[in-house]
Structures are given as C-alpha cells and as structure tokens.
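J.: Have a look at this one before I ask anything.
All of the numbers you see were taken from the coordinates with simple rules; none came from a lab. Note that the structure is predicted; figures quoted are calculated from it, not measured. All Cβ positions, even for glycine, are placed from backbone atoms using ideal geometry, and neighbour counts span all protein chains on display.
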Amino acid sequence: MGNIAEVVSKAVESYQKDPTRLLDVIRDVQDALGQVSDEAIVQIGHLMNLSKVDVEGVVTFYHFFSKSPVGKYTVYLNNSAVAVMMGRGAIAKAFEKEVGCSFGSLSEDGKIGLYDTSCIGMNDQEPAAIINGVVFTNLTEKRVKELVTGMKAGRNVSDMVKDLGDGNNQSELVKSMVKNNIRQRGSVLFAPYESGSALRKAVAGTPEDVINEIKNAELRGRGGAGFPTGMKWDFCRRAQGERHYVVCNADEGEPGTFKDRVILTEIPEMLFEGMAVAGYAVGAAEGILYLRAEYMYLKKFLEKVLDDLRKKNILGKNAGGKTGFDFDVKIQMGAGAYICGEESALIQSAEGKRGEPRNRPPFPVQRGYGGYPTTVNNVETLCAVSRIMVEGGKWFASMGTVQSRGMKLLSVSGDCDKPGIYEVEWGITLEQLLKTVGGSGAQAVVIGGPSGTIVGKEAFGKKVCYQELGTGGSVIVISKKRNLLEIVHNFMEFFIEESCGWCVPCRAGNVIITNKLEKIMAGNGTKTDLAELESWCKIVKGMSRCGLGQTSPNPIATTIANFRSLYEEKLKKVEYETGFDLLKSVQESCKVANRKPKIEGH
Amino acid sequence: MSKPIVATASLAGCFGCHMSLLDIDDRILQLIDLVEFHKSPVDDIKKFTKMCDVGIIEGGCCNSENVENLRDFRKNCKILVALGECAIMGGLPAMRNDIPVKECLEEAYLGSPTIDPKDPKIIPNDDDIPMILDRVYPLHEIVKIDYFLPGCPPRADLIWEALLTLATGKELNIPYEVFKFD
C-alpha cells in the first residue's frame, strides 16, 4: 500500500500541513485514489497532527468525499425537483442500463460510480450531472449512451464536452458546456463596468465613508436573509481583533439558485473588487472566496482573474493605489454540503472542519474565521457594492421598494419558456415576472427555493421584495400538470439529506415530517395527521439551531397554508387510520429466515 | 360506581416503565382501592375477559406478536396510554431501524461470537416464533393512542398523577419539571 502513503504525503506537503487546508488535502487524496480509505485517514491524521476522528469526521461530512471507492469515473446526477421535472428519471434509468449498476453504487469492474447529488446550480439546463468535476447539461438518453461508451473506453472526461456554452464558458480555462442564459440585464450587475473604478472611489475616502455609502444605499444581503450590509460591516469594523477577514459566500446551494454561477463566470472582476472594497471598509487584508465544489470547473479561470487583478494592482500590496492598504483574495473550495451556505458553517468549513453551524453569539462579525472578526457576504451583494461605489448610494436607493432597494438577480427555472437569469428591480409582481419568463398559467411558484415560500394564483399579484415575497434569487415555476405534493416531498428529502445532524429537531424532525407527508400522500392520512403535521412544522422551525431547520418545514407549512385542499382531498374521513401493513412489514425477515409469513389471527 | 378497570402490558420494552409504576411506593395501596387490575404482568392475568377502561402500554412493536397484543388492547380498552419512550418513539430497540433486518438477524444468529460452531447455522423460523417487523414502530403508528406519558422511564409521580386523573376525572396537575428531560 505504498501508493496510499505516497499520495497522502504529497497531498499533505503541498498544503504545508496547514490544518485549515484539510478539505484540499482530502480532495487531492480522493481524486488520486478514488476514495479516502481508513488507512488514508489514519495517515492524513498522523502527518497533519490531527486525530483520526477529526479527519474521518470531515471525510464523512461532505458529499464529494467517500471512504469507499466511487470509481475512476464518478457520475453525480442532480436529483433536485426541477431536474425531476425536466426528465431526470429517464436519464437515471439510461445511466443505470448503460453502466449496469443502480444509483448509489459502483459498477462491477469498479470503473464507474453512479450517485445522486443535491442541486448543482444548473436548474436552467437540467437534467445535468457532474462527472469527475466536469458539468454535463441538458442530458438526453442518447447523450448518456455516448458518455458511458466514452467512459468505458477510458476517455478523458473533459474531452467528451462537445459544444461549449456562451461567454466565458468558452474561455480556455473553463471550456464548459454550461450556458449563461442571461435573459434580462439591469443597471446594477449586468451593465458595463470599468474594472478598478469602484476601489479607486472607495480608497479616495475613509473606510467610514464607504460604510456610510453602503448604508445610504440601504443595501441588504442578497443571499436570502437580507441583513443590512452596511450595518454588518460597521459591526465587523468595530469588533476588536488582531486581523479582520472578508469572506465571500459562493456556496449557493438553495435548489433553484444559479445566479452566482453566472456572476462568477461573467463578472468576477466586479465581485473581487467588491471584496477589496469590503476589505478596505472593515480593515481586512485577506479575503476568502468560498466556492462550492460544484463550481470547481470555474476555479482555474477565477485564479487567473485574481492574477490579472493583482497585475492591475486592484489586489495586492497598496491595493487600488492606496498606500498601506494591502488586500488579497484566496479561493477555498467546498466539498458538497448545502449547510455550508449558512455563514458560521461556511467559516467552519473554510477552516478545514465539518461544516456544522456555530452557536451565536458570538456572531461571525465578532469572532469568525480563525476567531477573528469576519464579514461574510453573498456574491451578488459584493458585486452590488462595486456598483454602489461607482454610482453612489443615493442612485442605488432610488430603485426598488422602501425596504428592498436596488435590483435583484433572479434565477428562474421550472415550467417556463425562458429559464435563466433576470436582473429586475425589487418590487416586480409575480404576475409580471411570470409573463416575462413565459410561465403564465402556473399552478404555483416556489420563491426563495425550498426554504422559501410556495405560493399559488392568489399571491401572483404580490411583489418580489423582502416585505412581501423575499428571495435569495431562486424562482421555480410549477405548471398545472405537476403534482405539487411530489415536489414538496422532493424538497423534504433534500433537507433530510442536507441536515448536518447536529440538533435533534432538524435531524429527526424532518424525517418525522416527511413520514407524515408520505402517509397523507399514500391516502392513509386523517384530519389528526394533518394537524400533527402542522404542529411538527412549528416544532422543527421553532427549535432548530440554525437557518436550515428553521426553514426546512416551509415547503409543507406554506403549501398547507396556500394549497390546503391538496392535502384535504387525500384525507380519509375516519378518526384514525394506520399506515401500517403487517404482511408487508414481515416480508423481509421471513425471507431471511426462510419461512412463510402467517398473519391470520393477528 | 364500580372501580375503573386497568390493563397493562410491556411490548418491545424493558419493563423499566412497569418498575417505575411500582415506584409509586405506598401509594400502590391507594391505587388498589381506586382501580381494579385486569390483564397485566402485575397480577399475571393473561387474557382479556372483560372490557377495560384504561390500557397502559410500555414498549413499541418489534414483532407480529407485539402488534397482535396491541390490537387486542385497542379492542378491549376504552382509553389507551403509551407509557415511556419506547412506546412513544420506538426507543432503544428502534436503534436497529437504520440497519437492514437481514443484517440484524445474521449478526444475532449466524455471526455472533457466542454461536457454538458445532450448532447448525440457522435463523430461527418455527411458526410459533413471532415474526420480526421491518423496523420497530411506535404504538400510535399502528393503533390510535389517546394519551402519551413521556420519560425513560416516566417518573412515578407522572404515572401516579395520570392514573389518578383518569380514574377520578379530576384535572391533571403536573409541574412541567416532572416531564421535562433536558
């Protein structure tokens, strides 16, 4: 097993045994060996001076690390609701037929592994899969056949990409078939932008001036929660600490969100400059872009952008020409975990640990990355910062609604003619939006992703803004031909999969809720079951430790509120109904014991 | 008025809840005055011969006999009470719920270190032996349960107060601390 020792020591050395780079070490081992075995775990721990449990905890936490082999070729097929709507089922079957094993397992020769994965940020071009880090979109059964033939013949995965997407997807460093699908450009993000102009303006004033300008813009966080950015920076700047950090949250994992993907592909300069502005404002010398593993295909390209910015002195020593202001950005890759979009979990993960949320207080602005005051901002927020620096807070605040200023990027997918990216002014009604995207006549719209709200026709007159229908950007259109409860069920399975497991209400509660939902969907529910389902939603929302569990019951809670009849028409009109089937439940044990199930008299 | 009739059973439990019932100490004398025990391990009556007012069940359902017993209780008791963690949530026995039944049985009867290598390797399959369910079920998933008394085991005071309430019809008066566990 000399090979394991060699691979591990090479991986560990290339990150100088830095424990904050544990995820990178593990990824290198995973890529080289196709698994991170117990032996590899012990050796990583030994060389990095970490306990075996620390390393194993990280390996088993993240979706893209595996203790058992996942094959020379590893297919991760998205199983999000929209993927299913766009025909994921047939694609999965085609993969299984061609490869000869079922999802969640490895082919007999150990060459190809088939696995499900949560939303990969390609909802506008589903069904899609990631094979060895390369994204394949708009899959058809024919295409699957070609891919599997190629893998069986030992072809290089990136050579199997045929047509490239638009814009920077064609860059030598990206070469991806992903399409941007920018359908509507607005004045904040997708208007012409002169690189360097924002930082120049920012450093001309004091950091306080910058914070005030952001406060004047009334900019709120674009990740979904909508916390006022200026206030966050102010807290961070004032917090005592030897160093301060700026972290950009590029872990968009909310099913249906893919706006950050397009920003990172097309306007990364604006984003990194926004990070520099944030660094100047809060007094940080270092910025970290936490990039979700699904967007690994953009990493080389982004590294190059960072290099160019260093050459232009927008990053680096005396950044923006300001003497004494040094600021640089490094990229830290995630490894497949929705929860890492939660800021304290993200920080844990960026430090090379399991992505479990921290207790708050202290908040990240007080004690964040490495224990130092840290501002964590969304990709889109930091881009908006750059624009605000150039155009001014007043200009920005003149758009949108009272509590939702400026413009918002929406990622629209599902049953509409023109899925893609729309830059709209806050305050657009759902009706207008549906008309623009070609989704009129929808049965429902999921706004803000599974953790957001599912609304029906009655709410189509409402505005997209924090006071009415808030969103981090995900908009999923659902036509009348869909079974809404099946979509809700898909969302719940997503939360069960992605719960970090730390607290019981979320870990167990989501399973209990989903079992209840299944009972009702199977026609075995009663009025009591529906009432219990509602109260379980309240318990999980009220008692969970972080935003995941505090919002995970939303698909059910909001559909019970807005589509109650969908549930009620499935209920049995009896006082109690068991979903239990004795004969079915003893099948397995009887088979193993080689006996015939006998249930007479029971 | 005749005394309320109480029946009890322990299904997939450890009898710890019944032990906790005995922890009511000398109040058991009052209890005997207050109620009549019918089918129960306390008096070893095996079969229902009359309708009972209250059935108290400890433990969840892990096999077909548990299910039969539970359904029998539902038929013969006006009010059914789930007593303790296992009855309410499956409890410790439900730890096997994440392990396939096949693996559990093979571990217990074929691969266990206490197996005598000379014995024939067989998973017991006599028709008289209850059939194992695919997972351990809490009671309310199989029959309607009227009341739940939490705890592992529920405290004697909780059981006492609950029984008193059911027997006398007075209002339940239990401080929160008696059923708060963390």
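J.: Using the Karplus equation 6.51 cos²θ - 1.76 cosθ + 1.60 (θ = phi - 60°), what ³J(HN,Hα) coupling, rounded to whole Hz, does each residue of the stretch B:11-17 give in order, writing x for Gly and Pro?
T.: 8, 7, x, 10, 6, x, 5
J.: Please list, ordered by chain and number, the residues whose modelled amide H lies under 5 Å from the amide H of B:Ile56; skip anything fewer than 5 residues away on the same chain.
T.: B:Ala7, B:Thr8, B:Ala9, B:Val81
J.: Checking the cross-link filter: which lysines have an alpha carbon closer than 26 Å to that of B:Lys78, excluding same-chain neighbours under 8 positions apart?
T.: B:Lys78 reaches A:Lys516, A:Lys519, A:Lys527, A:Lys572, A:Lys573, B:Lys3, B:Lys39, B:Lys46, B:Lys47, B:Lys50, B:Lys144, B:Lys170.
J.: For A:Lys201, list the aspartates and glutamates whose Cα falls under 15 Å from its own Cα; do not include residues on the same chain fewer than 8 positions away.
T.: Correct list for A:Lys201: A:Asp209, A:Glu213, A:Glu273, A:Glu391.
J.: Another question, if that's okay. Need one word for the stretch A:202-254: rounded, prolate or oblate. Basis is the Cα gyration tensor (sqrt eigenvalues a ≥ b ≥ c); a/c below 1.5 gives rounded, then a/b vs b/c decides.
T.: oblate
J.: Taking the Kirkwood radius as the inverse of the mean 1/r across Cα pairs, report the Rg/Rh of the stretch A:521-602.
T.: Rounded to two decimals, Rg/Rh equals 1.16.
J.: Using a basic spin-label model with each label point 7 Å from the Cα along Cα→Cβ, how many nm lie between B:Ile79 and A:Phe235?
T.: So the label points at B:Ile79 and A:Phe235 sit 5.0 nm apart.
J.: Subtract the Cα-Cα distance of A:Glu242 and A:Arg564 from 0.36 nm times their separation in residues, and report this length gain in nm to one decimal.
T.: Extra length available between A:Glu242 and A:Arg564 comes to 110.5 nm.
J.: Would you please calculate the Kirkwood hydrodynamic radius of the stretch A:379-512 over all C-alpha pairs and express it in Å, rounded to one decimal? Before the final figure, lay out each step's value.
T.: Working: mean 1/r = 0.0616 Å⁻¹.
Computed over Cα pairs of the stretch A:379-512, the Kirkwood hydrodynamic radius comes out at 16.2 Å.
J.: So, one more: Taking chain B as a Gaussian network, Cα atoms linked when under 10 Å apart, which of B:Asn66, B:Asn76, B:Asn125 shows the biggest mean-square fluctuation?
T.: Maximum among the listed residues: B:Asn125.
J.: Grab the Cα-Cα distance for A:Asn132 and A:Lys481, subtract it from 0.36 nm times how many residues apart they are, and report the gain in nm with one decimal.
T.: Taking A:Asn132 through A:Lys481 to full extension adds about 122.1 nm, to one decimal.
J.: Follow-up question, since we're still on this one. When all alpha-carbon pairs of the stretch A:184-398 are counted, what percent fall beyond 24 Å? Each step should come with its number before you reach the end.
T.: Numbers: 7918 of 23005 pairs.
The proportion of pairs with Cα distances above 24 Å equals 34 percent.
J.: Here's another thing I want to ask about it. Report Rg(Cα)/(2.2 N^0.38 Å) for chain A, keeping two decimals.
T.: 0.98
J.: For an R0 of 41 angstrom, estimate the FRET efficiency from the Cβ-Cβ distance between A:Ala285 and A:Phe103 and round to the nearest 0.05.
T.: 0.35
J.: Please find the FRET efficiency linking A:Asp581 to A:Ser187, where r is the Cβ-Cβ separation and R0 is fixed at 60 Å, and quote it to the nearest 0.05.
T.: Once the sixth-power term is evaluated, E becomes 0.50.
J.: Pull out a ≥ b ≥ c, the square roots of the eigenvalues of the alpha-carbon gyration tensor of the stretch A:2-61, then state rounded if a/c is under 1.5, prolate if not and a/b is larger than b/c, and oblate in the remaining case.
T.: rounded
J.: What are the lysines whose alpha-carbon lies under 18 Å from the alpha-carbon of A:Lys142, with same-chain residues fewer than 8 places away excluded?
T.: A:Lys93, A:Lys97, A:Lys152, A:Lys162
J.: Measure off 7 Å from each Cα along the Cα-to-Cβ vector at B:Ser112 and A:Glu431, then give the distance between these two points in nanometres to one decimal.
T.: 6.9 nm
J.: Apply the a/c threshold of 1.5 to the C-alpha gyration tensor of the stretch A:404-478 and tell me whether it is rounded, prolate or oblate.
T.: Cα axes put the stretch A:404-478 in the rounded bin.
J.: Once amide H atoms are built 1.01 Å from N in the peptide plane, which residues 5 or more positions from A:Ile331, or in another chain, come under 5 Å H to H?
T.: Residues meeting the amide H criterion: A:Leu289.
J.: Okay, next question. Stokes-Einstein D for the stretch B:16-101 at 25 °C, 0.890 mPa s, Kirkwood Rh over Cα pairs, in µm²/s?
T.: 171 µm²/s
J.: Using modelled amide H (1.01 Å from N, peptide plane; none on Pro or chain starts), what sits under 5 Å from the amide H of B:Leu133, excluding residues fewer than 5 places away?
T.: Here the answer is B:Asn63, B:Ser64, since their amide H atoms fall under 5 Å of that of B:Leu133.
J.: For a paramagnetic label modelled at 7 Å from the Cα of A:Val402 toward its Cβ, which residues of the stretch A:426-442 fall within the zone defined by backbone nitrogen distances under 20 Å?
T.: A:426-430
J.: How many nm separate the modelled label positions at A:Glu303 and B:Ile174, each set 7 Å beyond the Cα in the direction of the Cβ?
T.: 6.2 nm
J.: Further question: Considering only DSSP beta bridges whose two residues both sit in chain A, what percent are antiparallel, to the nearest 5?
T.: Counting only bridges with both partners in chain A, antiparallel ones make up about 50 percent.
J.: Please list, in order along the stretch B:155-171, the HN-Hα scalar couplings obtained from phi with the Karplus expression 6.51 cos²θ - 1.76 cosθ + 1.60 (θ = phi - 60°), rounded to whole Hz, x for Gly and Pro.
T.: 5, 4, 4, 5, 4, 4, 4, 5, 5, 4, 4, 5, 6, 9, x, 6, 6
J.: Provide a whole-number value for the mean count of partner chain Cβ atoms within 10 Å of the Cβ atoms in peptide B:127-133. Write down the numbers at each step before the final one.
T.: Values: counts 3, 0, 2, 3, 14, 7, 8.
Averaged over the peptide's residues, the number is 5.
J.: So what is the 222 nm mean residue ellipticity for the protein assembly as shown from helices alone, if each DSSP H run of at least 4 adds -39500 (n - 2.57) and you divide by all residues, rounding to the nearest 500 deg cm²/dmol? Please report the intermediate quantities before stating the final value.
T.: Details: 31 runs with 309 residues, N = 784.
So the calculated ellipticity at 222 nm is -11500 deg cm²/dmol.
J.: Work out, in µm²/s and without decimals, the Stokes-Einstein translational diffusion coefficient of the stretch B:1-152 at 4 °C, 1.567 mPa s, Rh from Kirkwood over C-alpha pairs.
T.: Estimated diffusion coefficient is 77 µm²/s.
J.: Using θ = phi - 60° and the Karplus relation 6.51 cos²θ - 1.76 cosθ + 1.60, list the HN-Hα couplings for the stretch A:396-410 in order, rounded to whole Hz, with x at every Gly or Pro.
T.: 5, 6, 6, 9, x, 10, 3, 9, 9, 8, x, 10, 9, 8, 10
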